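Derivation of every value follows stated rules applied to the coordinates shown; laboratory data play no part. In this text the structure is predicted, and so the values were computed from the model without any measurement. Cβ coordinates were reconstructed from backbone atoms using ideal geometry, including for glycine residues, and neighbour counts include every protein chain displayed.
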Amino acid sequence: MYKYDSYDQEMVDARVEEFRDQARRRLEGSLSEDEFKPLRLMNGLYLQLHAYMLRVAIPYGTLNSEQMTALGDIADKYDRGYGHFTTRQNLQYNWIKLEDTADILADLAKVEMHAIQTSGNCIRNISSDHFAGAAHDELVDPRPYAELMRQWSSFHPEFTYLPRKFKICVIASEKDRAAMRLHDIGVQIVKNEAGELGARFYAGGGMGRTPMIAPMIRDFVPLDQLITYAEACLRVYNRYGRRDNKYKARIKILVHELGRDEYVRQVEEEFAHMLEQGVEPPREELERIKPFFADPAFEDGPKTLDRSDPDFALWVDRNTNRHKHDSYVSAVISLKPVGGIPGDATGDQMRLMARLAKQYSFDELRIMHTQNVVLPHVKISDLHALWTELEAAGLGSPNMDSIEDMIACPGLDYCALANARSIPLAQRISERFNASGKTEKLGELKLKISGCINACGHHHAGHIGILGVDKKGLENYQLSLGGSEAEDTSLAKITGPGFTEDGVIEAVDKVTDVYLAEREGEERFLDTYRRIGMAPFKEALYG
Amino acid sequence: MDNALGTSPDDVQFRFRDDEVADHAAVTVDACCDQTNATAVRIEPGDDARVLLPFLDRLALVEINFPSFGDGRGYSSARILREAGFTGELRAVGDVGVDQLSHMRRCGFDAFAPDKPLNEEDAARAFAMWENVYQRAVDGRRTIPQIRHGDRA
Amino acid sequence: MRVLTGNDLKTGDVIWWTGEGWSRHVDDAVDAGDSAEQILATEEAALRVNVPYVIEATREDDGSVRPAHIKDRIRALGPTVRQDLTLKPKDPEAIDWVI
């Protein structure tokens, strides 16, 4: 994976000192909270319900053992012994003190990490496929392109005060494991007819209160114009994105209001101009970055395993993904134990995962947008030993992509923006479906829970989505069906009137009953819904 | 002049130019396009900086107003003017704080007239903030990728 | 009653106005009445509280203070899903009080 050189390190170190100075000015009172807020947000520091919250960037979801260990150590030293992995492949600490923050950033900088641009109206941490560099179906590893864009977007002088936050995703396979078309800009690395690699751009996707699927805006940008084209996309947005209403300020509204074609026309005009400005990094830069992501030294080994232990076999079936080398798999470490808090991991668990990565996965880990952790390169012959250790640590739940593997935002238990709690719902649903054995029968079923309209829990993209709302001071939950964040991207539709907490859990049970009764062949919940439509589900819920 | 506006030379706290401070009343972008003798203009966030491109030769001063520091349109306006070859004074005015200075410099501003005068020490540190930079902008600095590859770009 | 709350600037802790200073315990909160806004302005300017605001609350018969909105009850106690991290880690009824 990528290693900082002295220039990268110097940027991050400079940022720590800049923040230390900003925090000092705030604590002395020379910066007001209004002035300080955008500055602290650009370093990932929020003021949440109970304390400050610090969001640490994990660029394109990739980290090494030393970094994961440092994250665990920070959880113990400065927080209350745990952290929360997010749908942006980042990590959040919930109990941070402003007076400690610069020291935490300094500890992060020692292991080439930071919290730069993890919030604020700027280009956020760039996300990618969690199986990048390991998946059997990718064209190339997308991460060198993501790293090139990470550097370009870090402290970009023109794009630090955008109308609103800006999220970029880079993938390189037809299968979309990163919700690419639900980003402000989605980039897919593709090959043209001449066999050359290039970037296909999508723009104007997103969730929030007005969910939209990004339309394609250019089917092929030559790789030596990648940054230039992105720069053009951003400049048009910076100049013309709405600033009169924060709920209409994302690029999706600009693309929608201008129309895709007019946005494209403006971008192309700016692109032509930018090409003359020479903003593209030298070609050699991408070539410098690529070797950092070269394959580790894979060895041939056994391609089959002893499946005599049914618990182990189930975990292998559920939680491993086919690798490009047939003696390896990518193994998913579930952070969704039954009744647990989705995405939370203790300092001890982080250090354990770090050690396992060192031992079994060439020192590498990935964070998934589904709030789990991946060991990308595990020898098939090591799987049983790995699973045994995970089981012992409570990290062996065999539930990837099942209803128990739900996404849930922190909700009203932690978040100042939330209207309702998300975590208790997640806990109760996983307990109920696990106890009844229904999880197994349902197969792939993506449940996503958000505690407010901002949709951090991706409810619009859930096969089943739940949105928490405030109904006259009481928590209330809207149910929606039919969303997908994958390559068959779709937005979920609301079933009808909302439910209480107990009511929505019953409702999830009912809609899964409809599926089990109606499904044909190998259909997933989503497939059945798409075939039979909303009516039978509505009938079961409200009829 | 009816539509005179803008800052006076006395309001300029930081300046990175050796020429005489332009002491002209600025006019709006609309007025600038109509008047053939205007030599100073003030750009508001909603103005299209590109309408000024035909008049750059006669402009000694362009003020770009930041009514609120969080509105970043002025950064694009500044860069667009420099990309088009504007060499006169580019003055950031309004809600300009210490923490915006380094990026503004990179986007081509060479004079600063903040509403609230800034602490000189904090500002000096801010201007010197980045020893090196990742992106090509309009300040002529070699970027980190260029340095890494022997400045061949 | 009108209760004042905010966060400690340095630590981020949730704090409540006691009439003389700030406490982490909501039961120490007092009715700030008509002087609420005045107190907030003074206290915020003196950096003794960050992002303060006024909420509605009721004083219960046992003397405890109950914020009207669930969000402030969660702030007063802590996360309902981690009782070990709340201000009342051993009180089995604490979570019920929030809901």
* Structure fact -> Rounded to two decimals, the Rg over Rh value of segment A:134-289 from Cα coordinates and the Kirkwood Rh reads 0.95
* **Shape of segment A:131-185, Cα gyration tensor, a/c cut at 1.5** => oblate
* **Ranked A:H130, A:H377, criterion: other C-beta atoms within 10 Å, fewest first** => A:H377, A:H130
* Structure fact -> Given backbone amide H placed at 1.01 Å from N, residues whose amide H is under 5 Å from that of A:L47, ignoring those fewer than 5 places away on the same chain, are A:M53
* Asked: Separation between the A:H384 and A:E262 pseudo-spin-labels, each 7 Å from Cα along Cα→Cβ, expressed in nm?
  -> 6.5 nm
* Asked: If you take the beta carbon distance between A:D34 and A:S308 as r and set R0 to 41 Å, what does 1/(1 + (r/R0)^6) give as a FRET efficiency, to the nearest 0.05?
  -> 0.05
* To do: Pull the list of chain A cysteines that no other Cys approaches to under 4.7 Å, Cβ to Cβ.
  => A:C122, A:C169, A:C233, A:C415, A:C452
* Structure fact -> Karplus-derived 3J(HN,Hα) from phi for segment B:112-124 (6.51 cos²θ - 1.76 cosθ + 1.60, θ = phi - 60°), whole Hz, x at Gly and Pro, runs 9, 10, x, 4, 9, x, 9, 4, 4, 5, 4, 5, 4
* Asked: Long-range amide H contacts for A:I333: which residues qualify at under 5 Å (H placed 1.01 Å from N, peptide plane, sequence gap of 5 or more or a different chain)?
  -> A:V373, A:V374, A:L375
* **Karplus (6.51, -1.76, 1.60) ³J(HN,Hα), θ = phi - 60°, over segment C:79-96, in Hz, Gly and Pro reported as x** => x, 5, 9, 9, 4, 4, 9, 8, 6, 10, x, 10, 8, x, 8, 4, 5, 4
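Would you mind putting B:55-66, A:496-507 in packing order, based on average other-beta-carbon counts within 10 Å, highest first?
Top to bottom by mean Cβ count within 10 Å: B:55-66, A:496-507.
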* Only helical DSSP H runs with n ≥ 4 go in: add -39500 (n - 2.57) per run for chain C, normalise by residue count and round the 222 nm mean residue ellipticity to 500 deg cm²/dmol. => -6000 deg cm²/dmol
* To do: Tell me the trypsin sites (Lys or Arg not before Pro) within segment A:301-397 that lie in a loop according to DSSP and have at most 14 other beta-carbon atoms within 10 Å.
  => A:K303, A:R307
* Structure fact -> For C:K88, counting only lysines whose alpha-carbon sits under 18 Å away and dropping same-chain residues fewer than eight positions off, the answer is C:K71
* Relative exposure of A:M216, A:M11, judged by other C-beta atoms within 10 Å (fewest first) -> A:M216, A:M11
* **Average beta carbon contacts from partner chains per residue of A:159-167, 10 Å cutoff** => 4
* Give me a single rounded figure for C:79-89: the average over its residues of other chain Cβ atoms within 10 Å of their Cβ. => 4
* Structure fact -> The answer for GluC sites (Glu not before Pro) in segment A:197-301 that fall in a DSSP coil and have at most 10 neighbouring Cβ atoms within 10 Å is A:E299
* MRE, 222 nm, helices only [DSSP H, n ≥ 4, -39500 (n - 2.57), over chain A, to nearest 500] -> -11500 deg cm²/dmol
* Quick one: of A:K165/A:K252; A:K37/A:K471; A:K446/A:K472; A:K336/A:K448; A:K493/A:K538; A:K175/A:K324, which pairs are farther than 20 Å apart, Cα to Cα? => A:K37/A:K471; A:K446/A:K472
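Hey, what's the Cα Rg ratio for segment B:9-148 versus the globular rule of thumb, 2.2 N^0.38 Å?
Rg over 2.2 N^0.38 Å, computed on Cα atoms: 1.03.
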* Asked: Which value results when the Cα radius of gyration for segment A:310-392 is divided by 2.2 N^0.38 Å?
  -> 1.02
* **Computed over segment A:6-110, the ratio Rg/Rh where both radii use C-alpha atoms and Rh is Kirkwood** => 0.95
* By average C-beta atoms within 10 angstrom, highest first, the peptides A:58-70, C:21-33 -> A:58-70, C:21-33
* To do: Over segment C:2-98, calculate the relative contact order: mean separation of alpha carbon pairs under 8 Å at least 6 apart, over the residue count, as a percent.
  => 24 percent
* Asked: Over segment A:407-542, what is the relative contact order in whole percent, taking alpha-carbon pairs under 8 Å and six or more residues apart?
  -> 19 percent
* Asked: Most exposed first by the Cβ proxy, i.e. fewest other Cβ within 10 Å, how do A:E391, A:E522 rank?
  -> A:E522, A:E391
* **10 Å Cβ neighbours from other chains, averaged over peptide A:456-464** => 0
* Asked: How far is helix B:73-83 tilted, in degrees, relative to the longest principal axis of the Cα atoms in chain B, given as a value from 0 to 90 rounded to the nearest 10?
  -> 80 degrees
* Asked: So what are the ³J(HN,Hα) numbers for segment A:363-370, from phi and the Karplus equation (6.51, -1.76, 1.60; θ = phi - 60°), rounded to whole Hz, Gly and Pro as x?
  -> 6, 10, 9, 10, 9, 8, 5, 8
* Highest first, please rank the peptides A:430-443, C:37-50, A:82-95 by the mean number of other Cβ atoms sitting within 10 Å of their residues. => A:82-95, A:430-443, C:37-50
* Cα principal axis extents for segment C:45-92, largest first, Å -> 38, 27, 16
* Cβ-derived FRET efficiency at R0 30 Å, A:E269 paired with B:D57, nearest 0.05 -> 0.80
* Asked: Kirkwood hydrodynamic radius of segment A:1-46 from all distinct Cα pairs, in Å?
  -> 11.7 Å
* Stokes-Einstein D for segment A:407-542 at 37 °C, 0.692 mPa s, Kirkwood Rh over Cα pairs, in µm²/s? -> 223 µm²/s
* Alpha-carbon centroid distance for the pair segment A:510-543 / segment B:38-90, whole angstrom -> 58 Å
* Structure fact -> Unit-weight point scatterers at every alpha-carbon of segment C:2-98, Debye formula, q = 0.13 1/Å: log10 I(q)/I(0) is -0.42
* Would you please give the residues with an amide H less than 5 Å from that of A:Y82, counting only those at least 5 places away or on a separate chain, with H modeled from the backbone geometry? => A:G347
* Structure fact -> Bounding extents of the protein assembly as shown in its principal axis frame from Cα atoms, largest first in Å, are 85, 77, 51
* Where both partners of a DSSP beta bridge lie in segment A:386-493, what percent of those bridges are antiparallel, to the nearest 5? -> 60 percent
